[in-house]
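The values are calculated or read from the model by the stated rules, or taken from the named source; none is laboratory data. It should be emphasised that the depicted structure is a prediction, and the values quoted were computed from it without experimental measurement. Glycine also receives a Cβ, built like all others from the backbone with ideal geometry; neighbour counts cover every protein chain displayed. Heads up: the accessible areas ignore ligands, DNA and RNA and are worked out on the full protein's heavy atoms, side chains in. Shrake-Rupley method; radii C 1.70, N 1.55, O 1.52, S 1.80 Å.
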Amino acid sequence: MATFTGMDIAQVRQLSQQMNTKADEIRNIMQQLTSALNSAQWVGPDRERFVGEWQSQHCAALNNVIQGLQAASQTANKNAQEQEAASNA
C-alpha cells in the first residue's frame, strides 16, 4: 500500500479559496439578518434586549468565525506557496 507524503498544492489552494468564500457568505448572512432585525416592526424592552444580544454576542461570535476562516485560509495558502517553492527548488 502506497502512502502519500506532502501536499496536493491545487487542493490546498482550493481549500483556501473555499474558506474565504464561506467567510464572505457568513458576513453577508449576518448583514442580511441585521438589516432584517433593524427593519422589523418591534418596539419595547424585549426588542432592545434582543438587539443588544444580537450585536454583542451573536455578531461577535460570527465575526470570530469569519476571522478564523480568513486566518486558516491565509495559513493554507502560505503553506501551499511554501510547498510549491520547495518542490520547484
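Summary of values
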{"item": "With DNA, RNA and ligands ignored, accessible area of Leu69 (1.4 Å probe; Å², nearest 10)", "result": "40"}
{"item": "Kyte-Doolittle mean at least -1.0 and Cα axial length at least 30 Å: DSSP H helices in the chain", "result": "9-39, 59-88"}
{"item": "Only Lys, Arg (+1) and Asp, Glu (-1) charged, at Cβ; the chain dipole about Cα centre in debye", "result": "60"}
{"item": "Protein accessible area in the chain, 1.4 Å probe - carbon and sulfur %", "result": "52"}
{"item": "Net charge, Ser56 excluded, C-beta distance under 15 Å - Lys, Arg +1, Asp, Glu -1", "result": "0"}
{"item": "Cα gyration tensor shape for region 37-89, rounded if a/c is under 1.5, else prolate or oblate", "result": "prolate"}
{"item": "The chain, accessible area per residue, ligands and nucleic acids excluded (1.4 Å, Å²)", "result": "74"}
{"item": "Using distinct alpha-carbon pairs, which all enter the 1/r mean, Kirkwood radius of the chain in Å", "result": "15.8"}
{"item": "Formal net charge of residues neighbouring Gln83 (Cβ-Cβ distance under 14 Å; K, R +1; D, E -1)", "result": "-1"}
{"item": "Local electrostatic count, Ser16, Cβ distance below 12 Å [Lys/Arg +1, Asp/Glu -1]", "result": "+3"}
